[in-house]
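The values are calculated or read from the model by the stated rules, or taken from the named source; none is laboratory data. In this text the structure is predicted, and so the values were computed from the model without any measurement. Glycine also receives a Cβ, built like all others from the backbone with ideal geometry; neighbour counts cover every protein chain displayed. Note: areas computed on protein heavy atoms with side chains; ligands, DNA, RNA excluded. Shrake-Rupley method; radii C 1.70, N 1.55, O 1.52, S 1.80 Å.
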Amino acid sequence: MSKRVHFATTNITYQPGYESSPSPTSSSSSLPSDSSSSSSELLTPPPIDEDDRQSAYPRTPFAKELDLYPEVVTPGPTTQMQIHFLLAFTPYSKPAFYHNLAFPLSSVENKYPPRAFSEPATSPPLPSLTIFHPRIKQEIIVNPNPPVAGSFVSVRDVLVKLYMELRLAIHPSEYAAVPKEERRFVDDAYWRRCRKIRNEADRIQEEQKGIKRIDLLMGQTRFTGLSGTLRAPDIWELNVGLP
(Lines give C-alpha, C1' and ligand atoms only; values in the text may rest on other atoms or scores of the structure.)
Protein backbone atom coordinates (compact mmCIF):
# COMPACT_ATOMS: atom_id res chain seq x y z
CA MET A 1 0.00 0.00 0.00
CA SER A 2 1.57 3.28 -1.09
CA LYS A 3 1.80 6.18 1.29
CA ARG A 4 0.38 9.56 0.44
CA VAL A 5 1.56 12.83 1.84
CA HIS A 6 -1.02 15.12 3.43
CA PHE A 7 -1.75 18.82 3.37
CA ALA A 8 -3.33 20.63 6.28
CA THR A 9 -6.60 22.48 5.70
CA THR A 10 -5.32 25.37 7.78
CA ASN A 11 -1.87 26.62 8.63
CA ILE A 12 -0.73 25.54 12.04
CA THR A 13 2.16 26.97 13.99
CA TYR A 14 3.58 26.14 17.36
CA GLN A 15 4.46 28.78 19.92
CA PRO A 16 7.67 27.51 21.53
CA GLY A 17 6.75 29.23 24.77
CA TYR A 18 10.08 30.89 25.49
CA GLU A 19 10.20 33.85 27.81
CA SER A 20 12.04 36.92 26.73
CA SER A 21 15.18 37.51 28.74
CA PRO A 22 15.82 40.86 30.38
CA SER A 23 17.60 43.46 28.31
CA PRO A 24 21.20 42.34 27.90
CA THR A 25 24.03 43.85 29.84
CA SER A 26 27.68 42.96 29.54
CA SER A 27 28.60 39.37 28.83
CA SER A 28 31.91 37.67 29.31
CA SER A 29 30.56 34.20 28.62
CA SER A 30 31.73 31.87 25.88
CA LEU A 31 29.84 29.19 24.02
CA PRO A 32 30.59 25.51 23.48
CA SER A 33 31.46 24.92 19.84
CA ASP A 34 29.23 21.87 19.41
CA SER A 35 26.32 20.13 21.08
CA SER A 36 28.65 17.32 22.10
CA SER A 37 31.14 19.69 23.71
CA SER A 38 31.54 19.71 27.44
CA SER A 39 30.50 22.77 29.40
CA SER A 40 34.15 23.52 30.10
CA GLU A 41 35.05 23.76 26.40
CA LEU A 42 34.83 27.38 25.34
CA LEU A 43 34.45 28.94 21.95
CA THR A 44 36.17 32.17 21.03
CA PRO A 45 34.75 34.39 18.29
CA PRO A 46 36.86 34.85 15.16
CA PRO A 47 40.04 36.91 15.72
CA ILE A 48 39.76 40.60 14.99
CA ASP A 49 42.48 42.61 13.32
CA GLU A 50 43.22 45.81 15.20
CA ASP A 51 42.28 47.88 12.15
CA ASP A 52 38.87 46.19 12.00
CA ARG A 53 38.09 46.34 15.71
CA GLN A 54 35.58 49.15 15.33
CA SER A 55 33.62 47.45 12.55
CA ALA A 56 33.88 43.76 13.36
CA TYR A 57 30.91 42.32 15.18
CA PRO A 58 31.77 39.21 17.20
CA ARG A 59 29.91 40.23 20.40
CA THR A 60 29.95 37.33 22.89
CA PRO A 61 32.20 37.06 24.88
CA PHE A 62 33.50 40.59 24.30
CA ALA A 63 30.22 42.50 24.44
CA LYS A 64 30.14 45.56 26.66
CA GLU A 65 27.06 47.27 27.99
CA LEU A 66 27.44 50.33 25.77
CA ASP A 67 27.93 48.09 22.73
CA LEU A 68 24.55 46.47 23.29
CA TYR A 69 22.54 49.68 23.13
CA PRO A 70 23.53 51.44 19.91
CA GLU A 71 20.89 53.25 17.95
CA VAL A 72 18.40 51.06 16.10
CA VAL A 73 18.46 51.98 12.41
CA THR A 74 16.33 51.65 9.33
CA PRO A 75 18.99 50.68 6.80
CA GLY A 76 19.47 52.51 3.55
CA PRO A 77 21.01 51.08 0.37
CA THR A 78 24.54 51.99 1.49
CA THR A 79 24.23 50.84 5.12
CA GLN A 80 27.02 48.49 6.14
CA MET A 81 25.35 45.63 8.01
CA GLN A 82 27.06 42.88 9.99
CA ILE A 83 25.63 39.73 11.52
CA HIS A 84 26.23 38.39 15.03
CA PHE A 85 28.79 35.60 14.92
CA LEU A 86 26.29 33.13 16.40
CA LEU A 87 24.16 33.68 13.28
CA ALA A 88 26.96 34.05 10.74
CA PHE A 89 27.39 31.61 7.86
CA THR A 90 30.95 30.28 7.86
CA PRO A 91 31.29 27.95 4.85
CA TYR A 92 34.80 26.80 5.72
CA SER A 93 34.24 26.06 9.41
CA LYS A 94 31.59 24.70 11.74
CA PRO A 95 28.73 26.95 12.87
CA ALA A 96 29.35 28.75 16.16
CA PHE A 97 26.91 26.43 17.92
CA TYR A 98 24.80 23.41 17.09
CA HIS A 99 21.09 23.98 16.46
CA ASN A 100 18.59 21.80 14.63
CA LEU A 101 15.76 23.94 13.27
CA ALA A 102 13.37 21.02 13.69
CA PHE A 103 13.44 21.71 17.43
CA PRO A 104 12.69 24.87 19.42
CA LEU A 105 15.57 26.97 20.65
CA SER A 106 14.66 25.99 24.21
CA SER A 107 16.03 22.50 23.46
CA VAL A 108 19.59 23.90 23.34
CA GLU A 109 19.28 27.36 24.87
CA ASN A 110 19.92 26.17 28.42
CA LYS A 111 23.32 24.84 27.34
CA TYR A 112 24.58 28.32 26.57
CA PRO A 113 24.77 31.69 28.35
CA PRO A 114 21.25 33.14 27.94
CA ARG A 115 22.45 36.70 27.45
CA ALA A 116 24.28 35.66 24.30
CA PHE A 117 20.91 35.12 22.62
CA SER A 118 19.65 38.52 23.81
CA GLU A 119 22.37 40.42 21.96
CA PRO A 120 21.47 42.29 18.74
CA ALA A 121 21.31 40.02 15.71
CA THR A 122 23.03 42.67 13.59
CA SER A 123 25.27 45.68 13.88
CA PRO A 124 23.83 48.24 13.72
CA PRO A 125 20.69 46.77 15.32
CA LEU A 126 17.57 46.50 13.17
CA PRO A 127 13.88 46.97 14.00
CA SER A 128 13.16 44.02 11.68
CA LEU A 129 14.94 41.81 9.18
CA THR A 130 13.96 39.45 6.38
CA ILE A 131 15.17 35.89 5.84
CA PHE A 132 14.64 33.76 2.76
CA HIS A 133 15.58 30.31 1.50
CA PRO A 134 15.41 29.31 -2.19
CA ARG A 135 13.20 26.29 -1.45
CA ILE A 136 10.67 28.23 0.62
CA LYS A 137 8.28 30.50 -1.23
CA GLN A 138 7.46 32.94 1.58
CA GLU A 139 10.04 35.23 3.08
CA ILE A 140 10.33 35.22 6.87
CA ILE A 141 10.01 38.59 8.60
CA VAL A 142 11.63 38.79 12.03
CA ASN A 143 10.52 41.45 14.51
CA PRO A 144 11.61 42.08 18.10
CA ASN A 145 9.82 40.17 20.83
CA PRO A 146 8.36 41.91 22.72
CA PRO A 147 7.64 44.59 20.08
CA VAL A 148 8.57 47.61 22.21
CA ALA A 149 9.30 50.94 20.53
CA GLY A 150 13.01 51.28 19.86
CA SER A 151 13.71 47.57 20.39
CA PHE A 152 15.97 45.56 18.11
CA VAL A 153 15.91 42.08 16.60
CA SER A 154 17.94 39.79 18.84
CA VAL A 155 19.71 36.51 18.12
CA ARG A 156 16.89 34.75 19.98
CA ASP A 157 14.23 36.51 17.89
CA VAL A 158 15.80 35.14 14.71
CA LEU A 159 16.09 31.53 15.87
CA VAL A 160 12.64 31.41 17.47
CA LYS A 161 10.99 32.93 14.40
CA LEU A 162 12.70 30.45 12.10
CA TYR A 163 11.37 27.55 14.16
CA MET A 164 7.83 28.92 14.21
CA GLU A 165 7.74 29.68 10.48
CA LEU A 166 9.22 26.34 9.47
CA ARG A 167 6.47 24.57 11.46
CA LEU A 168 3.80 26.09 9.25
CA ALA A 169 1.92 23.73 6.94
CA ILE A 170 2.40 24.39 3.23
CA HIS A 171 -0.32 24.91 0.64
CA PRO A 172 -0.70 22.31 -2.14
CA SER A 173 0.37 25.01 -4.62
CA GLU A 174 3.73 25.25 -2.82
CA TYR A 175 4.18 21.50 -3.18
CA ALA A 176 3.24 21.70 -6.85
CA ALA A 177 5.96 24.32 -7.32
CA VAL A 178 8.64 21.89 -6.10
CA PRO A 179 10.53 20.41 -9.07
CA LYS A 180 9.30 16.87 -9.73
CA GLU A 181 12.77 15.40 -9.24
CA GLU A 182 12.90 16.89 -5.72
CA ARG A 183 9.43 15.95 -4.50
CA ARG A 184 10.45 12.49 -3.34
CA PHE A 185 13.08 14.05 -1.10
CA VAL A 186 10.43 16.36 0.38
CA ASP A 187 8.15 13.35 0.90
CA ASP A 188 10.98 11.40 2.55
CA ALA A 189 11.67 14.31 4.90
CA TYR A 190 7.98 14.43 5.84
CA TRP A 191 7.77 10.71 6.59
CA ARG A 192 11.08 10.65 8.50
CA ARG A 193 9.91 13.54 10.65
CA CYS A 194 6.62 11.83 11.44
CA ARG A 195 8.21 8.42 12.09
CA LYS A 196 10.38 9.94 14.82
CA ILE A 197 7.23 10.37 16.93
CA ARG A 198 7.00 7.18 19.00
CA ASN A 199 3.43 7.52 20.20
CA GLU A 200 1.21 6.13 17.45
CA ALA A 201 -1.72 8.49 18.08
CA ASP A 202 0.58 11.51 18.10
CA ARG A 203 2.33 10.26 14.97
CA ILE A 204 -0.94 9.87 13.08
CA GLN A 205 -2.03 13.32 14.21
CA GLU A 206 1.22 14.81 12.98
CA GLU A 207 0.88 13.07 9.62
CA GLN A 208 -2.58 14.56 9.22
CA LYS A 209 -1.20 18.05 9.75
CA GLY A 210 0.56 17.65 6.45
CA ILE A 211 3.85 18.67 4.91
CA LYS A 212 5.46 21.63 6.62
CA ARG A 213 7.91 24.20 5.37
CA ILE A 214 10.74 22.44 7.14
CA ASP A 215 10.12 19.39 4.93
CA LEU A 216 10.92 21.57 1.90
CA LEU A 217 14.50 21.65 3.20
CA MET A 218 14.65 17.91 2.38
CA GLY A 219 16.21 16.86 5.67
CA GLN A 220 18.76 19.67 5.82
CA THR A 221 17.58 21.10 9.14
CA ARG A 222 20.84 22.07 10.82
CA PHE A 223 21.19 25.84 11.07
CA THR A 224 24.50 26.84 9.49
CA GLY A 225 24.00 30.59 9.48
CA LEU A 226 22.73 33.61 7.61
CA SER A 227 24.58 35.15 4.70
CA GLY A 228 24.20 38.66 3.36
CA THR A 229 22.62 39.45 0.02
CA LEU A 230 22.83 42.17 -2.60
CA ARG A 231 19.08 42.79 -2.34
CA ALA A 232 19.23 44.96 0.80
CA PRO A 233 21.24 45.23 4.02
CA ASP A 234 18.36 43.79 6.05
CA ILE A 235 17.68 40.77 3.80
CA TRP A 236 19.58 37.58 4.67
CA GLU A 237 19.70 34.11 3.18
CA LEU A 238 19.21 31.04 5.38
CA ASN A 239 21.85 28.33 5.05
CA VAL A 240 21.19 24.79 6.29
CA GLY A 241 22.92 21.42 6.36
CA LEU A 242 22.36 17.86 7.45
CA PRO A 243 21.89 17.41 11.24
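List of remarks:
- The residue that is farthest from P75 (Cα to Cα), counting only those in segment 199-213 that are in a loop (DSSP other than H, G, I, E, B) and open to solvent by 30 Å² or more (accessible area, probe 1.4 Å), is N199.
- Total residues in segment 123-135, condition open to solvent by less than 10 Å² (accessible area, probe 1.4 Å) and in contact (Cβ under 8 Å) with a residue 60 or more places away in the chain: 3
- Evaluation of Y190 against (1) closer than 21 Å to K94 by Cα; (2) open to solvent by less than 20 Å² (accessible area, probe 1.4 Å) (one fails), failing number: (1)
- With respect to the conditions (1) closer than 24 Å to Q80 by Cα; (2) out of contact with any helix residue (DSSP H, G or I) (no Cβ under 7 Å at 6 or more places or on another chain); (3) at pLDDT below 90, F132 falls short on a single one, namely (3).
- Flag if R231 is part of a loop (DSSP other than H, G, I, E, B) and out of contact with any strand residue (DSSP E or B) (no Cβ under 8 Å at 6 or more places or on another chain): yes
- Tally, over segment 120-139, of residues that are among the hydrophobic types (A, V, I, L, M, F, W, C) and within 10 Å of V73 (Cα to Cα): 1
- Output for segment 74-86, where each listed residue is within 18 Å of S151 (Cβ to Cβ) and either modelled with pLDDT under 85 or surrounded by fewer than 17 Cβ atoms within 10 Å (Cβ to Cβ) (or both): T74
- For L168, the conditions (1) under 17 Å from the mean Cα position of the chain (by Cα); (2) open to solvent by 30 Å² or more (accessible area, probe 1.4 Å) are fulfilled apart from (2).
- When segment 134-187 is filtered for residues that are basic (K, R) and either assigned to a helix (DSSP H, G or I) or touching a Pro at 6+ places or on another chain (Cβ under 7 Å) (or both), the ones remaining, listed by number, are R156, K161, K180, R183, R184.
- Consider segment 214-243 and keep the residues that are touching a helix residue (DSSP H, G or I) at 6+ places or on another chain (Cβ under 8 Å) and open to solvent by 20 Å² or more (accessible area, probe 1.4 Å). The one that is farthest from Y175 (Cα to Cα) is V240.
- Residues of segment 143-163 satisfying the condition of being surrounded by fewer than 15 Cβ atoms within 10 Å (Cβ to Cβ) and aliphatic (A, V, I, L, M): V148, A149
- The condition (being open to solvent by less than 80 Å² (accessible area, probe 1.4 Å), modelled with pLDDT under 95 and closer than 18 Å to I235 by Cβ) is satisfied by just one residue among P120, P114: P120.
- Test: residue in segment 89-104 that is assigned to a loop (DSSP other than H, G, I, E, B), more than 30 Å from R192 (Cβ to Cβ) and modelled with pLDDT of 90 or more: no
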